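Remarks on the structure that follows.
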Amino acid sequence: MEDLNVQIKELSLLLQTLLRKYNSLQKENENLKRLNQELSLNLLEKEDTVQSAQQRIDAKAVVSIYDKDEKKLLQQRIDVYLRDIDKCLSLLNA
């Protein structure tokens, strides 16, 4: 009977140790989840920054490709397209 009591006490101590470790791991897991979420948000912000910077670089590259006459012709073509789009929209709304 004494052996059984000793074994129960040992099991109880092991169980308590295991529960402490489990609680500690749960806290660590929550902290890691929170940190992961923060890092994900930071990554999204950085990706947005990189994307907007890339768009600015692309826009500057397009502007530097054309000389003044080509830019003027391109602007005229864009204006014609915009007028055509406006006409189409007005016809759809009529």
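Rule-based calculations on the coordinates, nothing more; no lab input. What you are looking at is a predicted structure, and each value in this text was computed from that prediction instead of being measured. Note that each Cβ is placed from the backbone with ideal geometry, even for glycine, and that neighbours are counted across all protein chains shown.
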Count of lysine pairs, the chain, Cα-Cα under 30 Å, sep. 8 or more residues or interchain, comes to 12
Using a simple charge model, +1 on the beta-carbon of Lys and Arg, -1 on the beta-carbon of Asp and Glu, nothing else, what dipole does segment 2-93 show about its Cα centre, in debye to the nearest 20? 320 debye
Given that compact globular proteins tend to follow 2.2 N^0.38 Å, what is the ratio of the alpha-carbon Rg of segment 2-93 to that value? 2.71
How do TYR22, TYR66 rank when sorted from fewest to most other Cβ atoms within 10 Å of their own Cβ? TYR22, TYR66
Just want the answer: with Cβ charges of +1 for Lys and Arg and -1 for Asp and Glu, which residue in LEU25, ILE57, LEU39 is farthest toward the dipole's positive end in the chain? ILE57
Which length gain, in nm to one decimal place, applies between SER12 and LEU73 when the Cα-Cα distance is subtracted from 0.36 nm times their residue separation? 13.4 nm
Extension gain from LYS33 to GLU45, taking 0.36 nm per residue of separation minus the Cα-Cα distance: 2.5 nm
